[in-house]
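This report refers to the structure that appears directly beneath it.
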Amino acid sequence: MVSGAIASCLVGIFVALHPLVKVEVHKSMSVQGELKEMKIVKEKVMLVLGNGERIGLVKQVPDSLKLAQATLIGTKGGLFYEANTDSVPEREEFHRIETAVGGEYFVVLSDGTRVWVNSTSEFVYPVQFIGDRRVVQLKGEAYFEVKHDPARPFIVQVRDVETRVLGTAFNVSAYENEESVYTTLLTGKVQVSLMDQKSDIPSMILKPGMQSYWKKGTGEFSVRKVDTKNVVAWRYGEFVFDEDDIEVVTRMLSRWYEVRFVYDGKRKGRHTFSGKMSKDEKLESILKMLTLAGGPEFRMEDGIVHIVEKR
């Protein structure tokens, strides 16, 4: 049992044990300057253009880059699209933002929609939206503030789940190594449905403070009330755990710190974590706090964190 002094120090963290999923670290390549001079660098955020060219958005973000359908304006931590209004393109050209371990990014789409992309995610979107729908695709996690346009709904597609809105703020979490897709509504109204045309599961209309979750590989598609501040805490530089087991916590830490977790020996018992921590904390400090709260011990070695149960 965790003592009151320790619990206060750790902001109420308590620990639990479950099998791990290993998270691999990805490395990126970027294109230097106006897409001419090639250079290999390690970037946490990459922009992939429609022709496959890659631009690093941390070390090499362009101040301004004029393309056929839009002008890209880069700032520290953000990218803005200004659509070229002199002509309407016949088809959509797609760009992709890729964030690696420890990378986050902010982008303003050509329609004015604001998107914050979490680490180890991929976000695909048109340079200009054409037609009566605004469709984007996501792997990982992102927070959206959608520009209101009643004539053109905004649609986020992840795995087999589709979220449809007109103008609202919501968060979508759909990491490949998580068992569920979560859509959390902060303001406005969204409709969440399965993309499988053969499915007889009805769509859901979410109200603010509600979260839908679809468990992949099953027919489970449900809704619940959540604390939205905890769901979007990642946007403000915080980890928030709410009785999450060690499998969930280590996957979350792996997406921010360049490590993967493995177990040494057998697991013992069951623990859970609750509490709040800053992403500015060193990983060693976080692991030490978890151990002090009654969890397993951690030993770091060459990018691998070994989890060792106490004797």
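The values are calculated or read from the model by the stated rules, or taken from the named source; none is laboratory data. Note that the structure is a prediction, hence the values are computed from the model and not measured. Note that each Cβ is placed from the backbone with ideal geometry, even for glycine, and that neighbours are counted across all protein chains shown. What goes into the accessible areas is simple: the full protein's heavy atoms, side chains included, and nothing from ligands, DNA or RNA. Shrake-Rupley method; radii C 1.70, N 1.55, O 1.52, S 1.80 Å.
I need the fraction of alpha carbon pairs in segment 177-238 separated by more than 18 Å, rounded to a whole percent.
40
With a/c under 1.5 counting as rounded, go ahead and sort segment 91-150 into rounded, prolate or oblate using the C-alpha gyration tensor (a ≥ b ≥ c being the square roots of the eigenvalues; past the cut-off, prolate if a/b is larger than b/c, else oblate).
Note, shape of segment 91-150 comes out prolate.
Give the Rg (one decimal place) followed by the Dmax (whole number) of segment 42-159, computed from C-alpha coordinates and expressed in Å.
13.5, 42
Is the shape of segment 163-212 best called rounded, prolate or oblate, per the rule: a/c under 1.5 gives rounded, else a/b larger than b/c gives prolate, else oblate, with a ≥ b ≥ c the square roots of the Cα gyration tensor eigenvalues?
oblate
What FRET efficiency do you get for Val124 and Lys268 if R0 is 35 Å and r is their Cβ-Cβ distance, rounded to the nearest 0.05?
With a Förster radius of 35 Å, E is 0.25.
Quick check of the Kirkwood formula: for segment 140-182, what is the inverse mean of 1/r over all pairs of different Cα atoms, in Å?
Computed over segment 140-182, the radius equals 11.0 Å.
Measure off, as a whole percent, the carbon and sulfur share of the 1.4 Å-probe accessible area of segment 132-213, all protein chains present.
So the carbon and sulfur contribution to the accessible surface is 49 percent.
Please report the equivalent ellipsoid semi-axes of segment 41-98, computed as sqrt(5 x eigenvalue) of the Cα gyration tensor, largest first, in whole Å.
Semi-axes, largest first: 22, 13, 8 Å.
So if I take the centroid of the Cα atoms in segment 208-255 and the same for segment 51-122, what is the distance between those two points in Å?
Centre-to-centre distance over Cα atoms comes out at 27 Å.
What is the extension gain from Asp160 to Lys66, computed as 0.36 nm multiplied by their sequence separation minus the C-alpha to C-alpha distance, in nm to one decimal?
Once the chain is fully extended between Asp160 and Lys66, it gains 30.4 nm.
Can you give the net charge of the other residues whose Cβ lies under 12 Å from the Cβ of Glu145, counting K and R as +1 and D and E as -1?
Charge balance in the 12 Å sphere: +2.
Could you tell me what % of all Cα pairs in segment 69-220 have separations over 28 Å?
Value for segment 69-220: 18 percent of Cα pairs lie more than 28 Å apart.
Could you give the length gained on full extension between Arg91 and Thr187, defined as 0.36 nm per residue of separation minus the Cα-Cα distance, in nm?
Length gained between Arg91 and Thr187: 31.4 nm.
Kirkwood Rh and Cα-based Rg: tell me the resulting Rg over Rh for segment 160-311, rounded to two decimals.
Radius of gyration relative to Kirkwood radius: 1.03.
Can you list which of the trypsin sites (Lys or Arg not before Pro) found in segment 86-175 are DSSP loop residues with at most 14 other C-beta atoms within 10 Å?
Those satisfying the criteria are Arg91, Arg133.
May I ask you to compute the full-extension gain from Lys225 to Lys76, defined as 0.36 nm times their residue separation minus their alpha-carbon distance, rounded to one decimal in nm?
50.1 nm
Mind giving me the nanometre distance, one decimal, between the label points for Glu243 and Glu281, set 7 Å out from Cα along Cα→Cβ?
Here the modelled spin labels are 2.1 nm apart.
Whole-Hz ³J(HN,Hα) for each residue in segment 142-159, computed from phi via Karplus 6.51 cos²θ - 1.76 cosθ + 1.60 with θ = phi - 60°, x for glycine and proline: what do you get?
Once θ is set to phi - 60°, the couplings for segment 142-159 become 7, 10, 10, 10, 7, 5, 5, 7, x, 7, 9, x, 9, 10, 10, 10, 9, 6 Hz.
Could you list, in their original order, any pairs among Lys288/Lys310; Lys44/Lys76; Lys216/Lys268; Lys216/Lys282; Lys207/Lys229 whose Cα atoms are separated by more than 23 Å?
Long pairs (Cα-Cα over 23 Å): Lys216/Lys268; Lys216/Lys282.
Ordering Lys225, Lys268 by how much accessible area each has at a 1.4 Å probe, largest first, what is the list?
Lys225, Lys268
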